[in-house]
Amino acid sequence: MKKDFLSILDITKTELDEILIDAERLKRQKKAGVPHELLRGMSLAMIFEKSSTRTHISFEVGMHELGGHALFLNAKDLQIGRGEEIRDTARVASRYVSAIMIRAYRHSTVVDLAENATVPVINGLSDIEHPCQLLADILTIKEHFGKVRGLKVAWVGDGNNVCNSLVLSSALTGMEIAVAGPKGYEIAPELVEKAQALGGRVTRVKTPQDAVKDAHVIVTDTWISMGDEAEQEKRRAAFKGFTVNDALLRHASPDARVLHCLPAHRGEEITGDVLDGPKSLVWDEAENRLHAQKALLVKLLKR
């Protein structure tokens, strides 16, 4: 039976641990130049409704290094760009490829694709979740701190798809999550309640200072995501005071580190000296998209 990865909660704690261990192994093998063509002869269709840098490069390179092949498919160039239903695309693509990754505007599109595909479907980003990013973030935290359980992670900024996946991941990782966002841009209460019901330790706080107090990891993201451009001035005004800077980091644990999924806007959600400074794990985090997703692909396709 095929397994999809639409939400970070589509894997168990055990499966997460297995993916992390495999990602670390694959990363060591890549660094040592050891071939690991575990998916030879397999193909990944990559459907992009939204533009991409890290998702595109990491999945394409990942499939190549695993011995497989990745196809970049711009939605505008497919028949879905001319009105074909996603369920028909799913049925046909399943006859050609081993798995499908989609980066979509609406989560419902990802769900419809998965419900009609007979091969595994991976959520490369939707308006509700970004689970592949969380795999990379968790891997990065584990690499740096040697563990994830018991660490405090602060989210500062928009209650967006990455924030949603982070909060839900607490049910798998044992990390304590504190979320601070400006009024009108908070995380949806039902997502917090869902994480808590599954054993996640999540709290919503009012200020960035409250969120980062004694935190080991501070996570942020752009204030203006794709699709939000029309309200960028409104958002900049609302998010004033939510910049991750040196002054904010003084409230965190002395060994605190910073994550950002990129692209970053220096001087808005994060200052350049933090992003490029010694407390930043952002570039390791970006690299780990490759290794974590390779491990995910192996998990889904070598069942």
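What follows draws every value from the coordinates through simple rules; no lab data is involved. Given the structure is predicted, the values throughout are model-derived calculations rather than measurements. Note: ideal-geometry Cβ built from the backbone for every residue, glycine included; neighbour counts use all protein chains shown.
Enter the Cα centre distance for the pair the stretch 36-63 and the stretch 195-213, rounded to the nearest angstrom. Taking the Cα centre of the stretch 195-213 as reference, the centre of the stretch 36-63 is 34 Å away.
Shown for the chain is the translational diffusion coefficient from the Stokes-Einstein equation, using the Kirkwood radius over Cα pairs, a temperature of 25 °C and a viscosity of 0.890 mPa s: 125 µm²/s. Close amide H pairs (under 5 Å, H built 1.01 Å from N) link V202 with I177, residues at least 5 positions away or on another chain. Inverting the pair-averaged 1/r between distinct Cα atoms of the stretch 133-285 gives 15.2 Å as its Kirkwood hydrodynamic radius.
When peptides 134-145, 9-20, 37-48 are ranked by their average number of other Cβ atoms within 10 Å per residue, the highest-first order is 134-145, 37-48, 9-20. Karplus-derived 3J(HN,Hα) values for the stretch 228-242, using 6.51 cos²θ - 1.76 cosθ + 1.60 with θ = phi - 60°, are 9, 4, 5, 10, 5, 5, 4, 5, 4, 5, 5, 8, 4, x, 9 Hz; glycine and proline are entered as x. Expressed as a whole number of Å, what is the distance separating the alpha-carbon centroids of the stretch 283-302 and the stretch 16-32? With the stretch 16-32 and the stretch 283-302 each reduced to a Cα centre, they are spaced 8 Å. For S58, S98, S169, the sequence from fewest to most other C-beta atoms within 10 Å is S98, S58, S169. The translational diffusion coefficient of the stretch 152-216, from Stokes-Einstein at 4 °C and 1.567 mPa s with a Kirkwood hydrodynamic radius over alpha carbon pairs, comes to 115 µm²/s. In the structure shown, the pairs K27/K76; K13/K50; K76/K279; K194/K279; K2/K27 are assessed against 28 Å; a Cα-Cα span above that value is assigned to K27/K76; K13/K50; K76/K279; K194/K279. Of the peptides 203-213, 70-80, 287-297, the order by per-residue mean of other Cβ atoms within 10 Å, starting with the highest, comes out as 287-297, 203-213, 70-80.
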